[in-house]
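What follows is a single structure, written as structure tokens, with notes after it.
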Amino acid sequence: MLRRIADHLFWMARYLERAEWRARLADVNYHLLVENPTGEPQSWAPLLAITGDGELFAEYHDAPNEAQVLDFFTFELRNPSSILSCINAARENARSLRHRLSSELWLEINTLYLDSQQWSHAVFEQGVYGFFSELRNRFHRVGGISHATLPRDIEFDFMTVGTMLERAENVSRLLDSKYHYLLPRLEDVGGTVDRMQWAAVLRSASALEAYRRVYGNQIAVEPVVEFLLFDAGFPRSARFCIDELEAALERIGRAAGGSREISDAASPMGRLAAALRAGKAGAVIGSGLHEFLMEVQDLCAGIGSIIFDKYLRFE
Amino acid sequence: MQSAAMVQSAGELGNVAPFWALYRAAHRTNLEAFDEMFDPQGRPRPGYSRVLADFLIAHADRFDEIRTRADRMFLNEGVTFNVYGDSAGAERIFPFDPIPRLIDAQTWSQLEAGLIQRVRALNAFLADVYGEGTILKEGIVPNDLIKTSPQFRRAAAGIIPPHGAYITVAGIDLVRAADGRFHVLEDNVRTPSGVSYVIKNRLVMTRLVPELIRATGARSVEHYPADLLACLCELAPSGKSRPTVALLTPGAYNSAFFEHVFLSQQMGVELVEGRDLVCVDHKLYMKTVDGLRQVDVLYRRIDDDFLDPVVFRPDSMLGVPGLTSVLRAGGAAIANAIGTGVADDKAVYAYTPAMIRYYLGEEPIIPIVETCLLRDPDARRMVLRELDRYVIKPTGASGGYGVVIGPSASDRELAQVRERIERAPADYIAQPVVQISVHPTIAGRGADGGAQIAPRHIDFRPFVLLGARPRVLPGGLTRVALREGSLIVNSSQGGGSKDTWVLSS
């Protein structure tokens, strides 16, 4: 397989995952707004905190209102990680490899792209929730078509690598921002708002039902962290993502010349896998969740640059 | 006559007459142009009676819907082209007109023979000008015309392609004049495009009117990619039995990128950009995730200028440094060969009948349009005297860019082109305006809200593959000038396309 094709596959998958994650976030934030029992004014600002778009947003708007945040987050092209920018980037990559995709997958991505070019604030007039839940379904369709129509080969593995790396980073960022930014007052910890926010975090990872099967109705920081970081079976936990990532990288290594050095124990891949397989929420929270999550994000970045050097870079 | 009888026996002639009357009324311009569907008495020409009865008349109320469905299919599937000079990355569909253009079997067999004859002669000409140059020495084609042509590549001299195949793919533009005869309008032997639309148009028509296609007996066009691949494999150095073929594209922003994607997919070959390739030790390789993989044959869809920055434009980011010397060493082959553009130069076109006589000892089967080379002072004087009677074409451009059609040009445009001709006469040719044929086409909405069908000018680009055995794709790209009265059919100039049905009997 061409290095350029591997690169396009990796980035197409990454941008699709990023766009999907953002659609979920917006959806969940909407629930927080609507269901807020305290009566305190809430805003879309947490979206900017979680995604780290706050600074860029401030460059364009000094007194943000909800409509602006929503527009900026959803279809502002000056925001390189708005949902629309991500869809455009994913489609641009897909365009260069459409001869490698199933026609069904190309058609789905292209139709999503064409439809999204029409977006304006008017899309929210029919209901914010409706818009984002429909959008999330579109991404599910892309994922479903990928799984139903693409052969499981090295090309699929490169897509898996992009998806899983992005997803692991997003989970870690989501937990970090909930833990440190969303609830600034210590006395609120454990209160109603806190529980609602953790429930929202779970929902944004489509994890609420799966979580309840394990932990019942009790929603608190430790089990949520345990579930989203260390659960081996849930497809959006960091642990699950890293297992999938490692397996895909091993298959790629075998197909491309039989080397395994990319995941030996000292490599970022090996270290991240070890940390997530051995980790316990209680211990991690005790010694500093933020530091642990930063380490996860650094290792993800390290894995990304090794993949780039080994398989994607043009020389 | 036979077809008219068929309509009559089906009891449908009663419907043809009102249709014809309406259609004729829409015929506001160019009454003398050849109509592809109707003879001057309003009788359908061979093969058309069923299309007329079962499609045009029976489904008149569905045309809007059919065209919308077709457009949607093209757009969603990304069957698009990019327009240069438009906002970056703007993609458009090539407007599609669902009324098919038919070519009867007898006309086709003549055309097929004429096309093969022509491409064989052009190929022999290339072998000659990059080899011995006898046609130039004998003065049959002026030496300076060739050596000063911007398309003549000194670097191509001495690169002898396998089997002497300079031209693997040719697209020959034909028009049908008022007398009904096909004429060659121009040759495209560099990187002709459009064949993907031929295949996609058929696919869309197969979804829209499957019965009609079968009943009419249109020949299949789907074999083209396999034929092309076979021709490319024949070029492999030292007769490798399973050569690696790749298609070289300038990238996703090229106007024909869809076609590159489509053909590589249909042939099952790698689609590469210049940056995917590297030349090492007189061999050509692609950069894959597990190292370098040798490429034997490159079907390039990049102009010579951008192909190899070592030899041609040094600023090209699209090409492969060192490719020319790999070709010279025989480490790889490309199609079409470097320098083929000298054969489709619009000034060289005037000499193509002489080439056919010279190399093949045959009379040209398909005539060309009378052409004045403005480098010749006598011809220039004659043309400048009556500039508004001619079509002026720049010799070095394609895609309809820079063409001025005398009768429809403004005084200002004529003055400008006159000035350009006087400044650089060798850069232009002039041809008398050909009344190119018309075909019933959806032209908008009629008074009753249904689709209005009116005559629009069309041309035709069939594709010729020159492998060990020459093959002509039984079909081709019919382009249609959608604007009333317009003679320019290029997609970049507001043209659309039609499916072309070559009939099997």
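The values are calculated or read from the model by the stated rules, or taken from the named source; none is laboratory data. Every value quoted in this text rests on a predicted model; they were computed, and no experiment measured them. No Cβ is skipped: glycine too gets one built from the backbone with ideal geometry, and neighbour counts run over all protein chains shown.
Here are the numbers:
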{"read-out": "Selection count where residues are modelled with pLDDT of 75 or more and within 13 Å of the chain's Cα centre (by Cα), scope segment B:479-493", "value": "2"}
{"read-out": "Segment A:221-259, subset within 14 Å of another protein chain (Cβ to nearest Cβ) and not in a helix (DSSP H, G or I), residue surrounded by the most Cβ atoms within 10 Å (Cβ to Cβ)", "value": "A:Ala256"}
{"read-out": "Selected residue (only one of B:Ala226, B:Ala252, B:Ala246, B:Ala230 is among the aliphatic types (A, V, I, L, M) and in a loop (DSSP other than H, G, I, E, B))", "value": "B:Ala252"}
{"read-out": "Options B:Arg190, B:Arg176, B:Arg181: the member that is closer than 25 Å to B:Val434 by Cβ and either within 14 Å of chain A (Cβ to nearest Cβ) or in contact with a Phe, Trp or Tyr (Cβ under 6 Å, 6 or more places away or on another chain) (or both)", "value": "B:Arg176"}
{"read-out": "Filter result for A:Ala94 (in contact (Cβ under 8 Å) with a residue 40 or more places away in the chain, facing chain B (nearest Cβ under 10 Å), assigned to a helix (DSSP H, G or I) and out of contact with any Leu (no Cβ under 6 Å at 6 or more places or on another chain))", "value": "yes"}
{"read-out": "Qualifying position, being facing chain A (nearest Cβ under 10 Å) and either in a helix (DSSP H, G or I) or buried (at least 21 other Cβ atoms within 10 Å of the Cβ) (or both), among B:Ser264, B:Ser325", "value": "B:Ser264"}
{"read-out": "Residue that is surrounded by the most Cβ atoms within 10 Å (Cβ to Cβ) [pool: residues in segment B:109-158 that are small (Gly, Ala, Ser) and assigned to a loop (DSSP other than H, G, I, E, B)]", "value": "B:Ser149"}
{"read-out": "Some residue of segment A:265-287 being in a helix (DSSP H, G or I), within 18 Å of A:Glu244 (Cβ to Cβ) and among the β-branched types (Val, Ile, Thr)", "value": "no"}
{"read-out": "Positions within segment B:378-434 being buried (at least 16 other Cβ atoms within 10 Å of the Cβ) and touching a Gly at 6+ places or on another chain (Cβ under 6 Å), in sequence order", "value": "B:Leu387, B:Tyr390, B:Pro394"}
{"read-out": "From the options A:Val296, A:Val284, residue that is β-branched (Val, Ile, Thr) and either touching a Phe, Trp or Tyr at 6+ places or on another chain (Cβ under 7 Å) or not assigned by TED's automatic domain parsing to the domain that holds A:Arg173 (or both)", "value": "A:Val284"}
{"read-out": "Selected residue (only one of B:Ala354, B:Ala350 is assigned to a helix (DSSP H, G or I) and in contact with a Ser or Thr (Cβ under 9 Å, 6 or more places away or on another chain))", "value": "B:Ala350"}
{"read-out": "Pick from segment B:248-259, criterion of a type in the set (A, V, I, L, M) and more than 9 Å from every other protein chain (Cβ to nearest Cβ), ranking: surrounded by the fewest Cβ atoms within 10 Å (Cβ to Cβ)", "value": "B:Ala256"}
{"read-out": "Spans of helices (runs of 4 or more DSSP H) in segment A:121-217 with at least 1 residues of a type in the set (Ser, Thr, Tyr) and in the same structural domain as A:Val28 (by TED's automatic domain parsing)", "value": "A:128-149"}
{"read-out": "Segment B:456-485, residues that are in a loop (DSSP other than H, G, I, E, B) and farther than 17 Å from B:Phe96 by Cβ", "value": "B:Pro462, B:Gly467, B:Ala468, B:Arg469, B:Leu473, B:Pro474, B:Glu484, B:Gly485"}
{"read-out": "Scan of segment A:99-114 for residues that are outside any helix (DSSP H, G or I) and either more than 9 Å from chain B (Cβ to nearest Cβ) or touching a residue at least 12 places away in the same chain (Cβ under 8 Å) (or both), ordered by number", "value": "A:Arg100, A:Leu101, A:Ser102"}
{"read-out": "Residues (outside any helix (DSSP H, G or I), among the charged types (D, E, K, R) and facing chain A (nearest Cβ under 9 Å)) located in segment B:268-283", "value": "B:Glu270, B:Glu273"}
{"read-out": "Filter result (away from every other protein chain (no Cβ under 11 Å) and part of a strand (DSSP E or B)) within segment B:286-310", "value": "B:Gln294, B:Val297, B:Leu298, B:Tyr299, B:Arg300"}
{"read-out": "The one condition in (1) closer than 26 Å to B:Val189 by Cβ; (2) modelled with pLDDT of 85 or more that B:Ala397 fails to fulfil", "value": "(2)"}
{"read-out": "Residue count, segment B:357-375 (criterion: part of a loop (DSSP other than H, G, I, E, B), of a type outside the set (Val, Ile, Thr) and surrounded by fewer than 23 Cβ atoms within 10 Å (Cβ to Cβ))", "value": "7"}
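Residue-by-condition table, conditions (1) away from chain B (no Cβ under 14 Å); (2) of a type outside the set (Val, Ile, Thr); (3) under 27 Å from A:Val214 (Cα atoms):
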{"site": "A:Ala275", "(1), (2), (3)": "yes, yes, yes"}
{"site": "A:Asp298", "(1), (2), (3)": "yes, yes, no"}
{"site": "A:Ile307", "(1), (2), (3)": "no, no, no"}
{"site": "A:Leu312", "(1), (2), (3)": "no, yes, no"}
